[in-house]
1. List the residues, sorted by chain then number, that are 5 or more residues from residue 55 or on another chain and whose placed amide H is less than 5 Å from its amide H.
2. Taking only the alpha carbons of the range 1-126, what extent do you get along each of the three principal axes, in Å, biggest first?
3. Relative contact order (percent) for the chain, with alpha-carbon contacts under 8 angstrom and 6 or more residues of separation?
4. Net charge near residue 53: determine it from the other residues with C-beta under 14 Å of the C-beta of residue 53, scoring Lys and Arg +1 and Asp and Glu -1.
5. Can you pull the semi-axes for the chain, root of five times each eigenvalue of the Cα gyration tensor, sorted largest first, whole Å?
6. Taking only DSSP H segments of four or more residues, each worth -39500 (n - 2.57), what value at 222 nm results for the chain once the sum is divided by all its residues, to the nearest 500 deg cm²/dmol?
7. Quick check: residue separation of residue 160 and residue 107 times 0.36 nm, minus the Cα distance between them. What number comes out in nm?
8. Just add up the charged neighbours of residue 146: K/R +1, D/E -1, any other residue whose Cβ is under 13 Å from the Cβ of residue 146.
Amino acid sequence: LRNRTIAHPGFPAAVRMLGQNMLSLSAADRAIDGIFKDAGRYVVAACAATMPSGVTVAGLKVLCARFGLLSPGRAAAMLLYLRYLGYVSLWRDRSASGPAIYRTSPSFLIAWRAHYSAVLNAAALIEPEAAHVVDRLNDPAFFQCFCQLHLDELALNIRDWDPNMAYARVFMNRYAGSQIAWALLIQHRDGPFPFAGPLALSKADLARRFGVSLMHVKRLFAAALREGLME
């Protein structure tokens, strides 16, 4: 399936649309921008989206353990981060009868639907049926089903990847690395993909755009050179 997807004539446009959509979401919403900054934060948010009856620290740790991207302690810390963003709120405090239970907020559900829509609209350039899925995301039951499907597929894909592969080391596991990768992918809107020519970019502009230090961007590019991802 992966090879057929890459070989599809709509694949270059789909990747570029995905990158642009994700960057547009980040620019429009500082909270979702924070989620996209880090693979661990993204996994925690995806896990929380599958827990409509209440998010607990223990439940989140169990779900996050499937990915191997973050420790149980960090999973708990990420729940506090979601609360800071206003994406979850305390529903029932911890007591003798059970643990503290958090509920996902309407703002989180809106943001997560927008995220899915951004991905599916890009996918529709390869598989037009994806557009019909976007139309059904406002159905609560369908949305929950899709959240669970996304989480299960994400877990399978991450297990298939070598966690030490170059792309994961350089981009996925570095703060704002995925956003920088998206910015590179949309540099050229037309022509062959991936683009093989020179890229016109400013490390200082990338640092300002994604809220990181110039040194952080320089180190990321230096790592990309060492790993053979750029030249």
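The values are calculated or read from the model by the stated rules, or taken from the named source; none is laboratory data. Please read all numbers here as calculations on a predicted model, not as lab measurements. No Cβ is skipped: glycine too gets one built from the backbone with ideal geometry, and neighbour counts run over all protein chains shown. Protein only, heavy atoms only, side chains kept; ligands, DNA and RNA dropped before computing areas. Shrake-Rupley method; radii C 1.70, N 1.55, O 1.52, S 1.80 Å.
1. Amide H neighbours of residue 55, under 5 Å, 5+ apart: 102, 103, 104.
2. Extents along the principal axes: 59, 29, 22 Å.
3. Details: 237 pairs, mean separation 57.5, N = 231.
RCO, the chain: 25 percent.
4. Numbers: positive: 92, 103; negative: none.
Residues close to residue 53 contribute a combined charge of +2.
5. Working: eigenvalues 192, 95, 54 Å².
Semi-axis lengths for the chain are 31, 22, 16 Å.
6. Details: 12 runs with 139 residues, N = 231.
Value at 222 nm, helices only: -18500 deg cm²/dmol.
7. Working: separation 53, 0.36 × 53 = 19.08 nm, distance 3.24 nm.
Fully extending the segment from residue 160 to residue 107 adds 15.8 nm.
8. On the way: positive: 113, 136; negative: 135, 139, 152, 153.
Residues close to residue 146 contribute a combined charge of -2.
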